[in-house]
Structures are given as C-alpha cells and as structure tokens.
Amino acid sequence: MSAKEVRTVFRQLLKAQRRRFAGDERIVAAARVQTRTEFEANRSLEDPKLIAKRLKHARNVEEVIRRYVVQAPRSTEKENTYQVKFTSEHALRDRHPIIIKSSLQKDKKPDGE
C-alpha cells in the first residue's frame, strides 16, 4: 500500500464524518481525533497484508457513516420529536432496511382487534 492510498482513505473518512455530522462540531471533532488516533497507532505497520486489512476496515467505516448514519436533532417545534435528515446517499432500500421505531410511540394494533 502506498502512502498516497493511506492518505486518500484517511481524507475520505474525515470528509464523510464532516458531511454526516455537519452542524455538530463536538461530534466532528471527536470523530476526527478518533480517526487520527487510529491511523497514528498503525503508522509503523510494515506487513502489506495487515495494512490492507486496516485500510479495508477504514473504508468500511466510511461507508457505514456515509450510508447508514443519520442525524436526528430534536425538533424545536414539537416535544419528544426528532427531525431525521436522510440524504440521497443513504441506503434506504438495500440489503439493510432502516426501521425507525421510538419507545415513545404506542404500538398500533391491526384493524379488527
């Protein structure tokens, strides 16, 4: 693996974090610190297979953040309500369906019961 490839994956991960957590600077900063810590901890790796494994993990983390993490800030208009912010990048209908259920919702009984 080249240093250029490692930098590219690092930057892609930071970009995904900035985009997904936009508006929440505390979370963006914490994600940036964690990412930098993980990459720095692996800086001295020399085994190409281990480096490839770690880069694959970083790419998978980037995909999870980009496709499966949503922001849901509390609504200022209604109590106990959150505004879920989906984007075109979210995997709404692929192999991992998103099911949103709040403990605040009452279970609805089917008609006839």
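The values are calculated or read from the model by the stated rules, or taken from the named source; none is laboratory data. The structure displayed is predicted, hence computed values, not measured ones. Neighbour counts run over all protein chains shown; Cβ positions are idealised from the backbone, glycine included. Heads up: the accessible areas ignore ligands, DNA and RNA and are worked out on the full protein's heavy atoms, side chains in. Shrake-Rupley method; radii C 1.70, N 1.55, O 1.52, S 1.80 Å.
Table for the structure above
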quantity	calculated
Net charge, residue 28 excluded, C-beta distance under 10 Å - Lys, Arg +1, Asp, Glu -1	+3
Accessible-area value, residue 13, 1.4 Å probe, nucleic acids and ligands omitted, Å²	10 Å²
For residue 71, residues with placed amide H under 5 Å, excluding near neighbours	85
Flagged links, alpha-carbon separation over 29 Å, of 49/85; 15/85; 15/78	49/85; 15/78
Where only C-alpha atoms are counted, convex hull volume of segment 17-66 per residue in Å³	55 Å³
Net charge of neighbours whose Cβ lies under 15 Å from the Cβ of residue 51, counting Lys and Arg as +1 and Asp and Glu as -1	+3
